[in-house]
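Q: Take this structure, written in structure tokens, and hold onto it; I'll ask about it next.
The values are calculated or read from the model by the stated rules, or taken from the named source; none is laboratory data. As the structure is a computational prediction, the values presented were derived from the model and not from experiment. Every residue, glycine as well, gets a Cβ built from its backbone with ideal geometry; the counts of neighbours run over all protein chains shown.
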Amino acid sequence: MKKLEPMESALERALFASRWFMAPFYVGLVVALAVLMVVFLREIAEQAPKVMTMDESAVILWVLTLIDLSLAGNLILMVVFSGYENFVSKMDVHDHPDRPAWMGTIDFSAMKLKLLASIVAISAIHLLKTFMSIEQYPREQVILLMAVHLTFVVSGAVLALTDYISAKADAKAHSGQH
């Protein structure tokens, strides 16, 4: 048995080090965030000069597009920070004055819920944009968008309920151990 210990130890070190294979994914998401920022800035550059001639609906649709892009950016940032900290390594920014309060506190379960909540919000914005110019869409497409949104909402509720039940079971198990 003693001969396997160095081999087992080396394997475990290699497995533990493999978490760094995730780092390029997070760097890629930072690149995606930069691309999203370019799209956001392009949207402002294209639409801002027209704002004085836009009607109220067009302005609201434009603002909803900007909010949608912002939510997608927040989503990417949240995945990068929490994913990196949960799966790769802790970030050494505890003393930084701009460190977000939620950083380091989001576990995988909370990240799933926040991701789904962001997806529901993005879906709701798309649905609202559709409703604001509903005459441009066939009835079937509107129904499909509503069904997709409802699916996201129900999925979020089921995921939240599952996590709630799991947390209750964990709390009960831990209280029974003491």
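Q: May I ask you to list the residues in segment 40-53 that are under 30 Å from GLU85 (Cα atoms) and exposed (fewer than 14 other Cβ atoms within 10 Å of the Cβ)? Don't jump to the end; show me each part of the working.
A: In the first step, residues of segment 40-53 are kept if they are under 30 Å from GLU85 (Cα atoms); the result is 40-41.
The answer is LEU41, and nothing else.
Q: Does LEU115 satisfy the criteria of being assigned to a helix (DSSP H, G or I), buried (at least 16 other Cβ atoms within 10 Å of the Cβ) and either touching a Lys or Arg at 6+ places or on another chain (Cβ under 9 Å) or not aromatic (Phe, Trp, Tyr) (or both)?
A: The answer is yes for LEU115.
Q: With the requirement that a residue be polar (S, T, N, Q) and out of contact with any Leu (no Cβ under 7 Å at 6 or more places or on another chain), what does segment 75-129 give you? Before you say what the answer is, go through the steps one by one.
A: Step one: list which residues in segment 75-129 are polar (S, T, N, Q), which gives 82, 86, 89, 105, 109, 118, 123.
Hits for segment 75-129 are SER82, ASN86, SER89, THR105, SER109, SER123.
Q: Still on this structure: Looking at the structure I just gave you, is VAL38 out of contact with any helix residue (DSSP H, G or I) (no Cβ under 9 Å at 6 or more places or on another chain), closer than 23 Å to ASN74 by Cα and either not hydroxyl-bearing (Ser, Thr, Tyr) or not in a helix (DSSP H, G or I) (or both)? Before the answer, list the steps.
A: On the way: out of contact with any helix residue (DSSP H, G or I) (no Cβ under 9 Å at 6 or more places or on another chain): yes; closer than 23 Å to ASN74 by Cα: yes; either not hydroxyl-bearing (Ser, Thr, Tyr) or not in a helix (DSSP H, G or I) (or both): yes.
Answer is yes for this residue.
Q: Additional query: Among ILE122, ILE143, ILE67, which is the only one that is at negative phi and surrounded by fewer than 12 Cβ atoms within 10 Å (Cβ to Cβ)?
A: One residue alone meets the criteria, ILE143.
Q: Out of the residues in segment 86-111 meeting the condition of being touching an Asp or Glu at 6+ places or on another chain (Cβ under 7 Å) and in a helix (DSSP H, G or I), tell me which one is surrounded by the most Cβ atoms within 10 Å (Cβ to Cβ).
A: ASN86
Q: Now, a different point. Would you please list the contacts, defined by Cβ atoms under 9 Å and residues six or more apart or on different chains, that run from a residue in segment 17-33 that is within 15 Å of LYS90 (Cα to Cα) to a residue that is loosely packed, with under 13 Cβ neighbours inside 10 Å and modelled with pLDDT under 95?
A: Pairs that qualify, where the first residue is within 15 Å of LYS90 (Cα to Cα) and the partner is loosely packed, with under 13 Cβ neighbours inside 10 Å and modelled with pLDDT under 95, are ARG19/SER89; TRP20/SER89; ALA23/SER89.
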